[in-house]
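Have a look at the structure below before the remarks.
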């Protein structure tokens, strides 16, 4: 009988692609995911798995660098964020479809944050896709999601690693995946073909150029600055500063959660692995997730450790 797993997938932008590797490693080694809880990108990847569409979602994420992430970003002049996110999620919805959470084959929970009430919102019922969408609204980047009169933002703000919300079954083990871990990062060897370095640089250059143009237009029309200024890389650093601050905040909350609700197995992905929007690193993140999963399971005795090889030398 396969070991049942209550799986908790944390928030952390594109690093959440490692969740795909975690799930694949668990399945390949005979574990049965019996329940899921996720926050932000964790809610998205977990929802795709619960819907039975993980492979389709994996292909969708993998294609982001091919047809351009920028082309799916619906920029807005709202002061609440740079991107509405509707275009991106509508595109994903055509790939995975929707279903009621109660009709899924396993218990699923997604976390969002009511920004006005400073309250955690827990999605256990209703539309799966609504729950996924509500959980993802990165502050300053994606505008809030309005749901039943509530203004919802990223679940990572209030509960980035919702160990306390996952449904438990008798005999299961809880595995939590922290993708904001403050640990060193060593990139794993990537089995799949990555875009060439030249192509990656070209995509990043085009993306950053478009972002700079938009921010220039945004700041001038919103009179953020009293004087018109030329957008430089330093101003892009402002958004990176917000993201890093958000990561640190999530890290501290996750540490508190781990102290109060220690899982049976903790899988750690370094916050240095990639940036919030580095979806072109999907192959690397998936491999990092697989590697971290196998290592954590071996450490806790749920998988046999590698046998040491001894060599005999004749004198």
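The values are calculated or read from the model by the stated rules, or taken from the named source; none is laboratory data. No experiment lies behind these values; they were computed from the predicted model shown. All Cβ positions, glycine included, derive from the backbone under ideal geometry; neighbour counts span all protein chains shown.
The residues on offer are 240, 299, and the sole one that is within 25 Å of the chain's Cα centre (by Cα) and modelled with pLDDT of 90 or more is 299.
Hey, any hits in the range 35-42 for a residue that's under 23 Å from residue 153 (Cα atoms), out of contact with any strand residue (DSSP E or B) (no Cβ under 6 Å at 6 or more places or on another chain), at pLDDT 95 or above and buried (at least 20 other Cβ atoms within 10 Å of the Cβ)? Yes, there is a match, as at least one residue in the range 35-42 is under 23 Å from residue 153 (Cα atoms), out of contact with any strand residue (DSSP E or B) (no Cβ under 6 Å at 6 or more places or on another chain), at pLDDT 95 or above and buried (at least 20 other Cβ atoms within 10 Å of the Cβ). Among the residues of the range 248-276 satisfying the criterion of being touching a helix residue (DSSP H, G or I) at 6+ places or on another chain (Cβ under 6 Å) and more than 24 Å from residue 172 (Cβ to Cβ), which is surrounded by the fewest Cβ atoms within 10 Å (Cβ to Cβ)? Only one residue fits best here, namely 276. Screening residue 227 against (1) more than 25 Å from residue 53 (Cα to Cα); (2) at pLDDT 50 or above; (3) part of a loop (DSSP other than H, G, I, E, B) leaves a single unmet condition, (2). Here the range 75-101 is the region considered, the condition is being more than 14 Å from residue 129 (Cβ to Cβ) and loosely packed, with under 15 Cβ neighbours inside 10 Å, and the residue that is modelled with the highest pLDDT is 87. Among the residues of the range 249-266, those that are over 13 Å from residue 9 (Cβ atoms) and in a loop (DSSP other than H, G, I, E, B) comprise 261, 262, 264. Of all residues in the range 273-297, those being over 16 Å from residue 177 (Cβ atoms) and not in a helix (DSSP H, G or I) number 4. Looking across the range 115-129, the residues that are surrounded by fewer than 17 Cβ atoms within 10 Å (Cβ to Cβ) and farther than 16 Å from residue 166 by Cβ come down to 116, 117, 118, 119, 126, 127. Based on this model, can you work out whether residue 17 counts as farther than 21 Å from residue 169 by Cα, under 17 Å from the mean Cα position of the chain (by Cα), at pLDDT 95 or above and surrounded by 21 or more Cβ atoms within 10 Å (Cβ to Cβ)? Spelling it out, residue 17 is indeed farther than 21 Å from residue 169 by Cα, under 17 Å from the mean Cα position of the chain (by Cα), at pLDDT 95 or above and surrounded by 21 or more Cβ atoms within 10 Å (Cβ to Cβ).
In this structure, is residue 121 assigned to a strand (DSSP E or B) and free of Cβ contacts under 8 Å to residues at least 40 places away in the same chain? Answer is yes for this residue.
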